[in-house]
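The next block holds one structure in the form of structure tokens; read it before the comments.
The values are calculated or read from the model by the stated rules, or taken from the named source; none is laboratory data. Only a predicted model underlies this, so the values are computations on that prediction, with no experimental measurement involved. Methodologically, a virtual Cβ is constructed for each residue, glycine included, from the backbone with ideal geometry; neighbour enumeration extends over all protein chains shown. Only protein heavy atoms, including side chains, enter the accessible area calculation; ligands, DNA and RNA are left aside. Shrake-Rupley method; radii C 1.70, N 1.55, O 1.52, S 1.80 Å.
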Amino acid sequence: MSRWSPVHSLLTLVALATSACLWTPPEEPEAPREEKKAPAPPEPTACMTAPIVTNGSRNRMRVALTFDACSTRHNEYDERVIRTLLETGTPATLFIGGGWALANPERIEELAQYPGFEFGNHTFSHPHMPQVMDDQKVLEELQRTQQAVYDLTGRIPKYFRPPFGEVDRRVAWLASQASLVTLNYDLPSGDPDTNIPAKRLTDWVVRKASPGGIVVMHMNHKRFATATALPDIIKGLRKRGFELVTVGTLLEDHTWPTCQPSEEPELPAVAGVIP
């Protein structure tokens, strides 16, 4: 058996070292190329929707009392409601039906003399708006009321109160096309129920009112308990520390987003929505 000589061993090590230097690791497979994806569709912009407002800021002790003047067969008017508001120095937002306005021109002209009252739009004939499937008829309900209120008072309503509180996104969007913000409420007073006595009505509204709240009542039915309950409602809310304001004041901290802000001056709404 032959023995390894020191020289032989050294040559073997050199050969191994040389072969090790010649070895290169296998190439790593190339990372798959990312396919270019189509750009994501743009997010819906603010102007594709319209707000349905039910309350103002919950951080301020303010409440808005609102009164609907509904267009009905008799188009009544309860002057006691207005007298109480004036005697107590209470601002309010009055949602006027177009039919009611035309039936009570002298009434609404008188109401326009008081700066503490703000006018809103309560449609012309008081329909169930989501059931009006023709978009043009929805706009006509709003535009005819805008025209009636403007002709009699020189004021242009900014807010729309849907009859019966019934509204959906389509109706709110159409209202925005007539330069109106849809304004509902978070506290129905319950005054259309003629079985509710004035004290119960008062206790309910005073107890349930919350900061930023919008209360809905009526000014067109003398058989409702509204006029009887209203003095104590006002007194009770103020005793709780609430400031009573119009809807416009309640929402003065809110700005509604638009798609394309413009520096151009705003045209009068009446010119834009009424033919």
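A single member of Asp168, Asp151 is open to solvent by 20 Å² or more (accessible area, probe 1.4 Å), among the acidic types (Asp, Glu) and within 21 Å of Glu76 (Cα to Cα), and it is Asp151. In the stretch 126-141, how many are in contact (Cβ under 8 Å) with a residue 24 or more places away in the chain and over 23 Å from Asn220 (Cβ atoms)? Counting residues in the stretch 126-141 that are in contact (Cβ under 8 Å) with a residue 24 or more places away in the chain and over 23 Å from Asn220 (Cβ atoms) gives 2. A single member of Gly241, Gly236, Gly248 is in a loop (DSSP other than H, G, I, E, B), among the small types (Gly, Ala, Ser) and open to solvent by 10 Å² or more (accessible area, probe 1.4 Å), and it is Gly241.
Quick one: how many residues across the stretch 141-173 are touching a helix residue (DSSP H, G or I) at 6+ places or on another chain (Cβ under 9 Å) and either charged (D, E, K, R) or part of a strand (DSSP E or B) (or both)? Final tally of qualifying residues: 10. Please tell me if Arg3 is part of a loop (DSSP other than H, G, I, E, B), open to solvent by 30 Å² or more (accessible area, probe 1.4 Å) and modelled with pLDDT of 60 or more. For Arg3, the condition - part of a loop (DSSP other than H, G, I, E, B), open to solvent by 30 Å² or more (accessible area, probe 1.4 Å) and modelled with pLDDT of 60 or more - is not met. Only residues that are under 24 Å from the mean Cα position of the chain (by Cα), surrounded by fewer than 22 Cβ atoms within 10 Å (Cβ to Cβ) and part of a helix (DSSP H, G or I) were counted in the stretch 175-205, giving 2. Can you tell me which residues in the stretch 244-271 are modelled with pLDDT of 50 or more, in contact with a helix residue (DSSP H, G or I) (Cβ under 9 Å, 6 or more places away or on another chain) and closer than 21 Å to Leu94 by Cβ? Leu244 - this is the single residue of the stretch 244-271 that is modelled with pLDDT of 50 or more, in contact with a helix residue (DSSP H, G or I) (Cβ under 9 Å, 6 or more places away or on another chain) and closer than 21 Å to Leu94 by Cβ. In the condition set (1) more than 17 Å from Thr66 (Cβ to Cβ); (2) touching a Pro at 6+ places or on another chain (Cβ under 9 Å); (3) open to solvent by 30 Å² or more (accessible area, probe 1.4 Å), Gln146 is compliant with all but (3).
So which residues in the stretch 104-140 are in contact with a Gly (Cβ under 9 Å, 6 or more places away or on another chain), open to solvent by 30 Å² or more (accessible area, probe 1.4 Å) and not in a loop (DSSP other than H, G, I, E, B), if there are any at all? Of everything in the stretch 104-140, just one residue is in contact with a Gly (Cβ under 9 Å, 6 or more places away or on another chain), open to solvent by 30 Å² or more (accessible area, probe 1.4 Å) and not in a loop (DSSP other than H, G, I, E, B), namely Glu118. Across the stretch 73-103, the qualifying residues are those that are part of a loop (DSSP other than H, G, I, E, B), more than 21 Å from Ala229 (Cβ to Cβ) and out of contact with any Asp or Glu (no Cβ under 9 Å at 6 or more places or on another chain), and the one among them that is most open to solvent (accessible area, probe 1.4 Å) is Arg73.
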